[in-house]
Amino acid sequence: MIDYARIYAAQLLELLRPSERAVDAISVDYAAGRERPDDDHPDGGAGSMAGMLAKAARLTPFLVLTERRLLVVDELGDPERQAVTWAVPLERVAVVRHDPRPPVDLGRILVGFDDSSLVRLRAGLLLPFAARRFARAFADLQGNSRPRRGRG
C-alpha cells in the first residue's frame, strides 16, 4: 500500500500552513454518477461542499488530510507545479468513511459535509486498504476509534 503522506512528506510541508501536519494522503478519482447515494442523504449539487470537492477531484488526483483541513492537491511531488487546488477546514467535514461497492469499487470513500451534501470518491478499484486507512485517520482525528462502514 502506497503511503503518499510519507513519500511526499517534504513536498507536502511546502503546501501546508506552519505547524500543520499531513496525517494521510491518497490518490483519488471522481466518476460522475458513481457517488449516487443508496440512502436518503442528498448528493452534492454544484454549489455544495461535496459538489466543489467532486469538481476538484476530477482534475486533481490527491486528497490530503491534515489535523486542520481536507485538501485537494494537484501535481503532488512536482515542486514546480504542485498546488493546493481546494481546501476546507475539518470543522466543515461531517464524515469520511470507507464505503465499498462490491464487486468492484472496493476502495470507495464517502465524504460528507456540514451542509448535508456528500460525494463518493475512489481511492482504488479492487483494493480497499488506502480507503480504510484514510477513513480511520479521519475518525482518529475526530476522537472515534472505529469509523462506520457504509453499505453503498
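For the reader, a short list of remarks on this structure follows.
- A Gaussian network model of the chain, with springs between Cα atoms under 10 Å, assigns the largest mean-square fluctuation among 19, 48, 116 to 19.
- With each label modelled as a point 7 angstrom along the Cα→C-beta vector, the residue 67-residue 14 pair spans 2.4 nm.
- Between helix 129-142 and the chain: long-axis angle, C-alpha atoms, 0 to 90°, nearest 10: 80 degrees
- Cα gyration tensor shape of the chain, rounded if a/c is under 1.5, else prolate or oblate by comparing a/b with b/c: rounded
- Between residue 125 and residue 81, full extension at 0.36 nm per residue minus the direct alpha carbon distance yields a gain of 13.1 nm.
- The chain: calculated mean residue ellipticity at 222 nm from DSSP helix runs of at least 4, using -39500 (n - 2.57): -6500 deg cm²/dmol
- Relative to the dominant Cα principal axis of the chain, helix 49-59 is inclined by about 60°.
- Selected from 51, 128, 88, residue furthest toward positive end of dipole (the chain; charges at beta carbon): 128
- Overall, the anisotropy analysis places the stretch 103-147 in the oblate class: the square-rooted eigenvalues a ≥ b ≥ c of its C-alpha gyration tensor yield a/c not less than 1.5, with a/b not exceeding b/c.
- Contact order, relative form, for the chain: 23 percent (alpha carbon pairs under 8 Å, 6 or more residues apart, mean separation divided by residue count).
- Each residue in 97, 108, 69 was given a count of other beta-carbon atoms within 10 angstrom of its own, and listing them fewest first yields 69, 97, 108.
- The GluC sites (Glu not before Pro) of the stretch 45-152 meeting both criteria, a DSSP state outside H, G, I, E and B (loop) and at most 14 other C-beta atoms within 10 angstrom of the site's C-beta, are 67, 80.
Every read-out reported here was derived from the displayed coordinates using simple, explicitly stated rules and does not represent laboratory data. Owing to the predicted nature of the structure, the values given are computational and were not obtained by experimental measurement. Every residue, glycine as well, gets a Cβ built from its backbone with ideal geometry; the counts of neighbours run over all protein chains shown.
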